[in-house]
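The values are calculated or read from the model by the stated rules, or taken from the named source; none is laboratory data. No experiment lies behind these values; they were computed from the predicted model shown. Cβ atoms come from the backbone with ideal geometry, glycine included; neighbour counts cover every protein chain shown. Accessible surface is based on the protein model in full, side chains and every heavy atom, while ligands, DNA and RNA are left aside. Shrake-Rupley method; radii C 1.70, N 1.55, O 1.52, S 1.80 Å.
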Amino acid sequence: MPDSKMDETKKKKKKTAECCGYPISIFFIVVNEFCERFSYYGMRAVLVLYFRYFLLWDDDLATSIYHAFVALCYLTPILGAIIADSWLGKFKTIIYLSIVYAVGQVVMAVSTIHDITDANRDGTPDNFTLHIALSMLGLVLIALGTGGIKPCVAAFGGDQFQEHQSRQLNTFFSVFYLCINAGSLLSTLITPVLRAQECGIHTQQQCYPLAFGVPAALMVVSLVVFIAGSGMYTKTAPEGNIMGSVCKCIWFALNNRFRHRSDIYPKREHWMDWAEEKYDKLLIAQIKMVLKVLFLYIPLPMFWTLFDQKGSRWTLQATTMTGDFGGFVLQPDQMQTVNPILILTLVPIMDRIIFPLIKKCGLNFSPLKRMTVGMLFAATAFIAAALVQMEIDKTLPNFPSSSESQLKVVNMHSESLIVTVPSQEPLLIGSFESSPDYITFDQQDIRLAFNTTPEINKDLSLIKGSRQTLIIPSEPAEMYLKEDIKSKPKEGKNAVRFVNGWTAYLNITNLESSLQPSETSNYTLVSQGMRKFTLTDGIQSCEFSRKFGFGSSYTFLIPSDLFSTDCESIKEIEDMQPNSVHMALQIPQYFLITTGEVMFSVTGLQFSYSQAPKNMKSVLQAGWLCTNAVGNIIVLIVAELGKLPKQWAEYVLFASLLVAVSIIFSIMAYFYTYIDPAEIEAEILKQQETDPDKKKKKETLEMEEKENEQEIKQTKI
Ligand SMILES: C[C@H](N)C(=O)N[C@@H](CC(=O)O)C(=O)O
């Protein structure tokens with residue numbers, strides 16, 4: 001840093017106001033972070049549902065775009081760091097990119113207003129292209145904004161501390177992490193509730209504009225709070241095109257090394273030392289520090305690969321469990337809030353009790369050791385998830401394999417029937433009853449015989465890998481096949497359908513269209529709890545209520561005496577049992593992964609700041625965040641490649657991979673020497689005062705800096 005700029009920074013540092021040993025300015029930074037994370041996680045909480053139910057994308061597309069968006073949010077920090085360190089400085093970068101971010105959130109919120117294109121007022125948008133284009137534009141701006149400011153905010157917070165405040169600096173990173181999680185917790189609880197409201201100008205629909213609008217408003221608040229603290233911040237000036245100088249220096253070192261590859265040239269301690277002919281020792285030393293840390297980051301994405309599956313695989317796992325906690329009911333996607341809740345309790349416990357205790361025992365629990373232990377905790381969390389999965393598997397129905405077919409027979413005829421099925425004992429099925437369970441066949445073409453008069457022989461061609469029901473109506477000769485669901489209903493909901501044994505058409509609550517006599521409806525999904533259905537034929541009506549658990553499937557048989565029994569004669573056939581393994585069993589895996597997160601992520605954040613030279617703090621924060629992006633990309637690839645046949649085996653595979661990676665990381669960490677970048681920089685500057693070559697190299701560097709500044713000016717023009 002040129003001396004004049006350094007003096008400027010020092011002057012500003014002296015003026016910093018303090019409260020309880022902390023710079024007051026960090027208050028604005030942590031509140032800003034809280035609002036920003038509320039905005040980010042709130043929007044993320046409803047994003048997949050918006051893709052799925054507003055844009056009507058299928059599950060695969062919705063999840064792929066979701067993970068691609070998250071990956072982009074963790075790739076853009078590099079851009080933000082380059083802009084901050086080389087051009088605008090952290091303060092201005094945070095302000096400008098926050099504006100981009102807030103605009104993105106507003107565009108996203110606007111894209112969710114169905115009324116803007118709903119000319120025929122049927123409650124669905126008429127021009128999906130416009131909504132998709134707006135939402136994609138919004139998401140790109142959000143990714144640019146959230147990712148761009150992410151490495152700058154943490155590093156900017158760190159910059160507010162002076163040398164004598166190193167203890168407070170460490171606490172700051174923990175408090176910073178607490179704010180992230182407080183924001184995440186509140187928004188993950190609130191935005192789904194906002195979405196569930198109904199709103200609209202012409203028709204009332206799920207209120208996505210409110211669910212995306214509130215995060216947008218929070219982002220504006222975040223920006224205002226940050227600007228409000230403006231007069232109190234320590235603002236370090238940008239260093240010129242530092243990334244340009246770094247790249248040129250590395251390129252020169254590689255080239256120079258290659259040109260001097262012959263044995264006649266004496267070896268140098270480090271390959272970067274081959275840049276010494278042209279570049280300043282300080283710059284070379286700073287690049288060495290950064291490269292050493294970046295090298296150490298190589299194995300880290302594996303941690304995030306496991307961590308990020310909380311939102312996907314673990315939520316899917318929760319949909320096959322029951323969330324009835326007696327006093328309250330937890331929905332599968334709400335299980336994720338356990339993570340920020342645990343963070344809010346575990347960070348203070350670790351900081352105030354566990355780490356000091358370990359220190360008191362004389363153990364050196366260095367940052368890299370903590371990170372390794374954090375990885376092992378995450379691996380154990382996946383073993384816990386595998387054990388839970390094995391319990392769930394025991395309760396899951398026996399779904400057909402890809403070569404099998406399954407069949408159930410429902411008798412709506414007024415008399416009992418004897419059905420002869422290939423390689424089975426004949427089945428006696430009472431009137432308004434079904435065969436006890438699905439019968440599994442290895443072949444698809446089967447012949448059934450019925451003891452009706454005259455006897456009926458029916459040739460069926462079943463679908464491979466499917467579950468079907470053969471419905472025998474009051475006129476058995478008109479029997480037909482209906483396809484059933486062959487996996488647990490989505491989101492822990494319950495799938496229900498009706499077979500109409502009444503003599504006229506029926507309208508039933510929740511069904512898309514009226515049900516003709518002898519017809520079987522398609523499935524409709526209903527949530528857990530007490531659900532009421534009204535059945536009417538236009539003249540008479542009756543109501544039928546039932547309490548549902550999670551993940552069940554029923555076929556309701558409507559008899560011919562429906563209205564005379566006030567709906568009480570409706571008979572239910574349980575096609576799939578409700579989930580019976582409790583979601584509380586997921587708490588140990590959440591506890592383990594969150595303990596891992598505290599040890600790995602909070603420490604990694606501090607480590608990235610402390611080991612970075614002063615002019616590359618944001619760059620190293622961005623490198624750290626990049627490990628998260630790569631982790632998300634791995635999740636995307638794994639999801640695309642498909643799963644192992646058994647989910648528990650996939651969990652064990654991931655756990656084993658992380659154990660292997662943490663062993664590699666611990667070996668790398670063993671050879672890492674912790675440094676104090678400021679001390680090294682001061683030492684080199686001192687040495688350079690006495691170095692005869694110094695003047696020449698300084699001149700070269702200054703010339704390059706001027707060239708770079710010239711380039712920047714030209715780019716601005
Ligand atoms: C909500 C998570 N527990 C969390 O703290 N996330 C951090 C780290 C990360 O995922 O990048 C954050 O959102 O900054």
Using heavy-atom solvent-accessible surface (probe 1.4 Å) with all chains present, what is the largest-first order of W648, W624, W57? W648, W57, W624
With a ≥ b ≥ c from the Cα gyration tensor eigenvalues, square-rooted, and the rule rounded for a/c under 1.5, otherwise prolate when a/b > b/c and oblate otherwise, the range 162-285 is prolate
Full extension from S487 to K686: what is 0.36 nm times the residue separation minus their Cα-Cα distance, to one decimal in nm? 64.6 nm
At R0 = 25 Å, FRET efficiency that the Cβ-Cβ distance of I349 and Y674 yields, to 0.05: 0.50
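Taking 56 Å as R0, compute the FRET efficiency from the Cβ-Cβ separation of K267 and V140 and round it to 0.05.
According to the calculation, E is roughly 0.70.
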Given the candidates P476, S414, N494, the one whose Cα lies deepest towards the positive end of the charge dipole of the range 405-576, counting +1 at each Lys or Arg C-beta and -1 at each Asp or Glu C-beta, is N494
Label points 7 Å out from Cα along the Cβ direction at M390 and E277: separation in nm? 6.3
Heavy atoms of H114: accessible area, 1.4 Å probe, square angstrom to 10: 10
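Test of understanding: what is the full-extension gain from S474 to S403, defined as 0.36 nm times their sequence separation minus their Cα-Cα distance?
Gain on stretching S474 to S403: 22.3 nm.
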For the range 405-576, build the convex hull from the C-alpha positions and give me its volume per residue in Å³. 108
When only Cα pairs under 8 Å and 6 or more residues apart are kept, what is the percent relative contact order across the chain? 18
Go through the chain and flag any cysteine with no other cysteine's C-beta closer than 4.7 Å, please. C19, C20, C35, C73, C152, C179, C247, C249, C361, C626
Return the calculated 222 nm mean residue ellipticity for the chain, to the nearest 500 deg cm²/dmol, obtained by summing -39500 (n - 2.57) across DSSP H runs with n ≥ 4 and dividing by the residue count. -17500 deg cm²/dmol
Along the charge dipole of the range 16-240, pointing to its positive end and built from +1/-1 on Cβ of Lys, Arg, Asp and Glu, which listed residue (A228, Q160, M43) has its Cα farthest out? Q160
Could you work out the percent of alpha carbon pairs in the range 293-396 separated by over 25 Å, rounded to a whole number? 38
Projected label distance in nm at L363 and N522, using a 7 Å step from Cα toward the beta-carbon: 5.8
H582's amide H: which non-local residues (gap 5+, or another chain) put their own amide H closer than 5 Å, with H modeled 1.01 Å from N in plane and none for Pro or chain starts? T322
I want to check the label-to-label distance for L291 and S166. Put each point 7 Å from Cα in the C-beta direction and report it in nm to one decimal. 2.7
Label the range 53-124 by shape, choosing from rounded, prolate and oblate, from the square roots a ≥ b ≥ c of the eigenvalues of the Cα gyration tensor; if a/c is under 1.5 it is rounded, and otherwise prolate applies when a/b is larger than b/c, oblate when it is not. oblate
For the chain, the dipole about the Cα centre with charges only on Cβ (Lys and Arg +1, Asp and Glu -1), to the nearest 20 debye, works out at 3380
Gain in span if fully extended, N457 to S312, counting 0.36 nm per residue against the direct Cα distance: 47.5 nm
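Which order do C361, C199 take when ranked by solvent-accessible area (1.4 Å probe, heavy atoms of all protein chains), largest first?
If we order C361, C199 from most to least accessible, we get C361, C199.
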Using the Karplus curve 6.51 cos²θ - 1.76 cosθ + 1.60 with θ = phi - 60°, work out ³J(HN,Hα) for each residue of the range 220-233 in order, rounded to whole Hz, and write x for Gly and Pro. 5, 4, 4, 5, 4, 4, 5, 5, 4, x, 3, x, 9, 6
Any chance you could look up the accessible area of E574 with a 1.4 Å probe, heavy atoms only, rounded to 10 Å²? 80
Sequence of R257, R352 from largest to smallest accessible area, 1.4 Å probe: R352, R257
Within the range 400-417, backbone nitrogen closer than 19 Å to the virtual label 7 Å beyond the Cα of Q444 toward Cβ: 400-408
Across the range 367-434, what fraction of all alpha-carbon pairs, as a whole percent, falls in each successive 5 Å bin from zero upward? 4, 12, 11, 10, 11, 9, 8, 7, 6, 6, 5, 4, 4, 3, 1, 0
With a cut-off of at most 13 other beta carbons within 10 Å, and DSSP calling the residue loop, which trypsin sites (Lys or Arg not before Pro) in the range 449-522 qualify? Please list them. K464
Work out how far the C-alpha atoms of the range 231-338 reach from end to end along every principal axis, then list the three figures in whole Å, largest first. 78, 49, 18
In this structure, the FRET efficiency calculated for E572 and A660 from their beta-carbon separation, with R0 = 60 Å, to the nearest 0.05, is 0.75
Taking a ≥ b ≥ c as the square roots of the Cα gyration tensor eigenvalues, with a/c under 1.5 meaning rounded and otherwise prolate when a/b beats b/c or oblate if not, the range 107-183 comes out prolate
For the range 16-240, report the convex hull volume of the alpha-carbon atoms normalised per residue, in Å³, without decimals. 115
Compute the normalised compactness of the chain: alpha-carbon radius of gyration over 2.2 N^0.38 Å, N being the residue count. 1.19
